[in-house]
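Below is one structure, written out as structure tokens; the observations come after it.
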Amino acid sequence: MANLRFCLLLAACFSALAPARADEAGPRERVSFDLDWRFAKGDPAEVQGRLAYAAVKDWFMATGNEFLNAAAPPPARPAGTLGSDISYAQSGFADGSWRRLNLPHDWGIEGPFHQEYDSATGRLPWWGVGWYRKHFSVPAADRDRRVYLDIDGAMAYAMVWLNGQFVGGWPYGYASFQLDLTPYLRPGGENVLAIRLDNPPLSSRWYPGGGIYRHVWLVKTAPVHVAHWGTYITTPRITAEAAVVDVQMTLQNPLTAPVSAQVATSLYELGVDGRKSDAPVAASAQATVRIAAGRLALSEQSVTVPRPKLWSLSAPRRYVAVTTVTVAGGLADRYETPFGIRTIAFTAEGGFLLNGQPQSAGARAARPLRPAGDAGHGRIVRLLAERQAAQRLPPAFRRLAREGSAGAGATRSQPSVGDPLEHRQRDRRAAPARGLAARRAPGRHRPRGGPDSPDHGGVQ
């Protein structure tokens, strides 16, 4: 139990550096894509096993090449069009009779319960194949922008088509991922997105959920921009007088010609409501980065924060790094990365020290609110937090809302990647976290687990 408490506390300290988010007022747009989907269980008759992972693995492996060693040749996308004769993947398919719903959605929690199902997974039908389709349009003015689909979690073996063309796939059900829709998009016209999920039976020893059980986003950027999860922040030197903040940025250029970009970073304080201070507390000099055609480029900057306000469990003070990218004199991207400044140390006399003070933490480790289903968990946590703020909860529920989990002092995201929204809430509330995502290195916010991860909820 002592080891568990220590790990939970340490995880909360490492979580103080949160995932990056786009600035809604800048040239980058990130809008919710949760509303008005159509859903059906099962495959059309013509599939007949042709979309099983073993048969289409080469298509999956061509997704996520940015996570591979740049020195190794990336997997090539097979020739042709996967699923060109699968009716559910085509834009012209008549899906008017399909069920209409909003995301997140977990088909397993909808039941029905059956006694013959495994008790370890809730005696619920979470396995099987499900299809989601969405009709949408984008303005003709977006013709020169890059458009991406961000999926926070889909269980499992996600395959995505846009307008009948296969975009990409992601087998691991617990990790967030991004796909580039730009080559297949019809700006100014109607577009149809089709997503197939295949949750294999006997693939989990707990209730894993089924469906697109987390949020989905549409992200629009200029051609040259900060890449997905493209910032990495560390705080290597901290004193009472100053803290050094190192910011590493990955820039993406999908164009067919090289580009020179100017990059700068400003640091602001974040209030408890998530609002930035009016003026930056520190800023870097502008740096020029040359990005080859169709490649990524790395830029590193150091910024010194005077008299830093430290992140702690009792006072989770945060900052935000605002990265701006300028190309040919115009603002191409504006990208925000919330983070915390804190010191950690291990000593024989004092044990674990956070900001020089000994720490201990108590927790009950379990996945909270599991009876609500994977899609319902985040909604309940946010509802409890809102009612706590409005003083509309009975006293017995106030601790539950404050800690963000069903009676526990820490939330457990399973031994895998947790919900990005939950991680941001923990950073704001300083609630300890447990799970693979919580054990990331300081400042690193890229989800672990990839197309061939051996963990549950994905490739076997």
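In segment 336-350, which residues are over 16 Å from residue 243 (Cα atoms) and in contact (Cβ under 8 Å) with a residue 60 or more places away in the chain?
336, 337
Does residue 176 fit the bill of being within 30 Å of residue 331 (Cα to Cα) and either in the same structural domain as residue 39 (by TED's automatic domain parsing) or not small (Gly, Ala, Ser) (or both)? So that I can check it myself, show each step before the final result.
Details: within 30 Å of residue 331 (Cα to Cα): yes; either in the same structural domain as residue 39 (by TED's automatic domain parsing) or not small (Gly, Ala, Ser) (or both): yes.
Yes: the conditions hold for residue 176.
Report, by residue number, each residue of segment 260-279 that is over 14 Å from residue 337 (Cβ atoms) and in a loop (DSSP other than H, G, I, E, B).
Scanning segment 260-279 gives 271, 272, 273, 275, 277, 278, 279.
Within segment 57-161, which strands (runs of 3 or more DSSP E) (wholly inside it) include 2 or more residues that are crowded, with 17+ Cβ neighbours inside 10 Å?
128-137, 146-151
Please indicate, with yes or no, whether at least one residue in segment 183-203 is among the charged types (D, E, K, R), crowded, with 23+ Cβ neighbours inside 10 Å and over 17 Å from residue 51 (Cβ atoms).
Within segment 183-203, none of the residues are among the charged types (D, E, K, R), crowded, with 23+ Cβ neighbours inside 10 Å and over 17 Å from residue 51 (Cβ atoms).
Among the residues of segment 64-83, which ones are in contact with a Lys or Arg (Cβ under 9 Å, 6 or more places away or on another chain) and closer than 19 Å to residue 193 by Cβ?
Within segment 64-83, 83 is the sole residue that qualifies.
Name the one entry in 239, 250 that is in contact with a helix residue (DSSP H, G or I) (Cβ under 9 Å, 6 or more places away or on another chain) and within 30 Å of residue 306 (Cα to Cα).
250 is the lone residue from the list that is in contact with a helix residue (DSSP H, G or I) (Cβ under 9 Å, 6 or more places away or on another chain) and within 30 Å of residue 306 (Cα to Cα).
Looking only at segment 85-127, filter to residues that are of a type in the set (Ser, Thr, Tyr) and at pLDDT below 95; which one of those is nearest to residue 298 (Cα to Cα)?
It comes out as 121.
Could you tell me which of the residues 280, 306 is in contact (Cβ under 8 Å) with a residue 24 or more places away in the chain, within 19 Å of residue 264 (Cβ to Cβ) and loosely packed, with under 12 Cβ neighbours inside 10 Å?
306
Criterion first (farther than 30 Å from residue 265 by Cβ and among the aliphatic types (A, V, I, L, M)) does residue 197 satisfy it?
yes
How many residues are hydroxyl-bearing (Ser, Thr, Tyr), exposed (fewer than 15 other Cβ atoms within 10 Å of the Cβ) and in contact with a Pro (Cβ under 8 Å, 6 or more places away or on another chain) if we restrict to segment 230-258?
The first filter runs over segment 230-258 and keeps only residues hydroxyl-bearing (Ser, Thr, Tyr), leaving 231-232, 234-235, 239, 250, 256.
Okay, now just the ones that are also exposed (fewer than 15 other Cβ atoms within 10 Å of the Cβ), so 239, 256.
If we keep only those that are in contact with a Pro (Cβ under 8 Å, 6 or more places away or on another chain) too, we end up with none.
Qualifying residue count for the region: 0.
Could you please let me know if residue 85 is farther than 24 Å from residue 107 by Cβ and within 25 Å of the chain's Cα centre (by Cα)?
Judged against the criteria, residue 85 is not a match.
Go through segment 162-198 and give me each residue that's in a strand (DSSP E or B) and within 24 Å of residue 109 (Cα to Cα).
170, 177, 194, 195, 196, 197, 198
The values are calculated or read from the model by the stated rules, or taken from the named source; none is laboratory data. What you see is a predicted model; the values in this text were computed from it and never measured. Here the Cβ is made from the backbone with ideal geometry for all residues, glycine too, and neighbour counts use every protein chain on show.
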